[in-house]
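Colleague: Sharing a structure below in structure tokens format, with a few things to ask.
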Amino acid sequence: MKVTFWQSLLTATLFFLVTSCSPYEQDSYFVEEHQAIQDIIPFITDMDQMLVNDTESGQRAALYIIDYLHTSIELRSDINRKVHEGNGRTSYIEEEINFSPFLEKDISSRKLSSPFQNKEVEINIITLEELQNTYEHKLFHPVVGQQKVFGVLILSRIAFNENMDIGYLSYSFTCGKDCAWSQNIEITKVGEQWYISKIYA
């Protein structure tokens, strides 16, 4: 069968698209990213040490997660490297290498599309606009008898290694007035569970 010019061009184009597609945008990558976030939510929010139940209303407290996984990374070690010479410099170089997919714009932000489950808190995915218009007021001005807000979580994408058993991400958690923290972290998969293995500070 004779192959036309357009058939050849189409085949070449499809081959290019398949082979050049970023691993960060594959469905299987999204699935692992979602599972990793699911696993580390209790750790990054310090859930065991925080109030998670609203005893007055009988409802679980609400955790709100912003629906946008960003890629804006600020190297934590870079902030402190002028203070921590020597070991601080080593830490900075390591962090810069591990977070290079963000720094080199290899990984793109994306929307969260799947829900998360937790037996301690009710997890809701909301937009930044919804946070500013509604939930921010609930967080800083709680009303007796209403469901309490456990906190608001903002997450970056996760940059996994080739074996998909180590990942790097940034997050910010706000739990009320004078209650907030943010970190760049390394996570490691042990068996089928993801855990925090390093905090860059």
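Colleague: Report the local net charge at Ile199: Lys and Arg +1, Asp and Glu -1, summed over other residues whose C-beta lies under 14 Å from its C-beta.
Modeller: Working: positive: Arg76, Lys198; negative: Asp46, Glu94, Glu95, Glu186.
Neighbour charge sum, excluding Ile199 itself: -2.
Colleague: Give me, ordered by chain and number, the residues 5 or more places off Asn118 or on other chains with an amide H under 5 Å from its own placed amide H.
Modeller: Sorted by chain and number, the residues that satisfy this are Ile123.
Colleague: Beta carbons within 10 angstrom, averaged per residue: use that to sort the peptides 150-160, 174-184, highest first.
Modeller: Numbers: 150-160: 22.5, 174-184: 14.0.
With the highest mean Cβ count within 10 Å placed first, the list reads 150-160, 174-184.
Colleague: Under a crude label model (7 Å from the Cα following the beta-carbon direction), how far is Gln183 from His141 in nanometres?
Modeller: 3.3 nm
Colleague: Under 15 Å from the Cβ of Asp106, count the other residues' Cβ atoms, weight Lys and Arg +1, Asp and Glu -1, and hand me the total.
Modeller: Numbers: positive: Lys105, Arg110, Arg157; negative: Glu25, Glu33, Glu96, Glu104, Glu162.
With Lys, Arg at +1 and Asp, Glu at -1, the net is -2.
Taken together, the values in this text are just the output of simple stated rules run on the coordinates, not laboratory data. Fair warning: this is a prediction, and the values are worked out from it, not measured in the lab. With ideal geometry, Cβ positions are generated from the backbone for all residues, glycine too; neighbour counts draw on all protein chains shown.
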